[in-house]
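Student: Supplied in structure tokens, the structure appears directly below.
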Ligand code: ADP
């Protein structure tokens, strides 16, 4: 069966069509600037040329229609008819406390997702629009929702309750949720397979370091703590997000700069992180180049970023009373050996020793620690789409 995996944002839609038996990606792509002038579909069939189709996409329904047309297109398509799409798997950002696992999408489920909109006002409504658009074009095709928060629903109260009046949790469900769950779950499982150790006996720390970044402590296959909170703003320093700060800074800056709460939030989400520190970019490739040319703020940004990761790894080793494996994943975790080395050099006390030449080796999955390292260190390329396709298939079976 082929599963169409959809990751729908407010103005974008990423997709992959995955053959669930061979787990091959038959086609993938992205609709950009939906509802904005200059919209386009970037479409890439397996083994074929990437194609850019510029066309008006006033809404997500039109975008889904274009994706489906491309998939069945006589020349560049990869299937003959839409009957060959057996199911659709949707990435959904926030499942609140309602969803501890993936679920088949029904009208009741859609209502329950809507009830979580408050918690992720930028993401959940867009995810729901994606579901609606797919239903319009494929009313009889089963759909599954896979939640970024679900994997972390195993966190104990100790880890998810904030030091705030308890009534905010009772009334508004203000608590820590965590995100990137699909990635943390996929990578921690791969670690157990690569190391050939039972998943339910392993203590793993997964460092998902991308533009958005989070760390997760996985004890015996269960998330027991993670760095993001009620929203994806908490935790590590990210591309443009501040991560943990003293909450009093918000009022202080609002007063000094004469800003509203909305404006301060915008700064914390979009103008902070390594972008805020360097003053010019959120992309670590630019930051590495600038550092090589002697830019001190670029160097500072990298080092502040790595320092926060080092702190969280120490915290999570403490939370689990030990750690067997540390895995690096996502754009930066997979590709930036400098940051991995800088982080691992501070973990000697845990018994971490990395092999410098293995750390420089570019491979999707690789153990970069030395054979005598007490803690195994790995690079594991994440694959959230494959995980969504697998979950979709599992539920429909
Ligand atoms: P997100 O999915 O959260 O947008 P990614 O996981 O794609 O982010 O990570 C983006 C970061 O990873 C950027 O800072 C980028 O510089 C870095 N990155 C991505 N690919 C590479 C690469 N091939 N080499 C070095 N850095 C990379």
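The values are calculated or read from the model by the stated rules, or taken from the named source; none is laboratory data. Worth saying up front: this structure is predicted, and the values here are computed from it rather than measured. Because the Cβ atoms are built from the backbone with ideal geometry, glycine has one as well, and the counts that use them run over all protein chains shown.
Student: Select from segment 282-296 the residues that are assigned to a helix (DSSP H, G or I) and within 16 Å of the ligand (Cβ to nearest atom) and list them in ascending order.
Tutor: Result: 284, 285, 286, 287, 288, 289, 290, 291, 292.
Student: Another one. Considering only segment 315-327, I want to know if a residue exists there that is modelled with pLDDT of 95 or more, crowded, with 18+ Cβ neighbours inside 10 Å and within 16 Å of the ligand (Cβ to nearest atom).
Tutor: There is at least one residue in segment 315-327 that is modelled with pLDDT of 95 or more, crowded, with 18+ Cβ neighbours inside 10 Å and within 16 Å of the ligand (Cβ to nearest atom).
Student: Might you let me know whether segment 159-177 holds any residue that is surrounded by 15 or more Cβ atoms within 10 Å (Cβ to Cβ), under 22 Å from the mean Cα position of the chain (by Cα) and farther than 26 Å from residue 269 by Cα?
Tutor: No: zero hits.
Student: Checking residue 305 against (1) crowded, with 16+ Cβ neighbours inside 10 Å; (2) within 16 Å of the ligand (Cβ to nearest atom); (3) without any contact (Cβ under 8 Å) to a residue 40 or more places away in the chain, which single condition isn't satisfied?
Tutor: Status for residue 305: all satisfied but (3).
Student: Taking segment 82-99 on its own, how many of its residues are exposed (fewer than 15 other Cβ atoms within 10 Å of the Cβ) and farther than 20 Å from residue 389 by Cβ?
Tutor: Total satisfying the criteria: 1.
Residue-wise test of (1) out of contact with any helix residue (DSSP H, G or I) (no Cβ under 7 Å at 6 or more places or on another chain); (2) more than 22 Å from residue 317 (Cβ to Cβ); (3) free of Cβ contacts under 8 Å to residues at least 12 places away in the same chain; (4) within 16 Å of the ligand (Cβ to nearest atom).
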{"position": "134", "(1), (2), (3), (4)": "no, yes, no, no"}
{"position": "139", "(1), (2), (3), (4)": "yes, yes, yes, no"}
{"position": "152", "(1), (2), (3), (4)": "no, no, no, no"}
{"position": "158", "(1), (2), (3), (4)": "yes, no, yes, no"}
{"position": "202", "(1), (2), (3), (4)": "no, no, no, no"}
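Student: Of all residues in segment 118-174, which are in a helix (DSSP H, G or I) and within 20 Å of residue 223 (Cα to Cα)?
Tutor: Of everything in segment 118-174, those that are in a helix (DSSP H, G or I) and within 20 Å of residue 223 (Cα to Cα) turn out to be 150, 151, 152, 153, 154, 157, 158, 159, 160.
Student: Consider segment 212-245. How many of its residues are touching a residue at least 60 places away in the same chain (Cβ under 8 Å), part of a strand (DSSP E or B) and under 19 Å from residue 318 (Cα atoms)?
Tutor: The total comes to 9.
Student: Also, quick follow-up: Considering only residues that are surrounded by fewer than 21 Cβ atoms within 10 Å (Cβ to Cβ), within 15 Å of the ligand (Cβ to nearest atom) and in a helix (DSSP H, G or I), which ones fall in segment 335-379?
Tutor: Hits for segment 335-379 are 335, 337, 338, 341, 342, 359, 360.
Yes/no per residue for (1) within 19 Å of residue 7 (Cα to Cα); (2) modelled with pLDDT under 95; (3) out of contact with any strand residue (DSSP E or B) (no Cβ under 8 Å at 6 or more places or on another chain):
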{"position": "97", "(1), (2), (3)": "no, no, yes"}
{"position": "144", "(1), (2), (3)": "yes, no, no"}
{"position": "159", "(1), (2), (3)": "no, no, no"}
{"position": "174", "(1), (2), (3)": "no, no, yes"}
{"position": "184", "(1), (2), (3)": "yes, no, no"}
{"position": "194", "(1), (2), (3)": "no, no, no"}
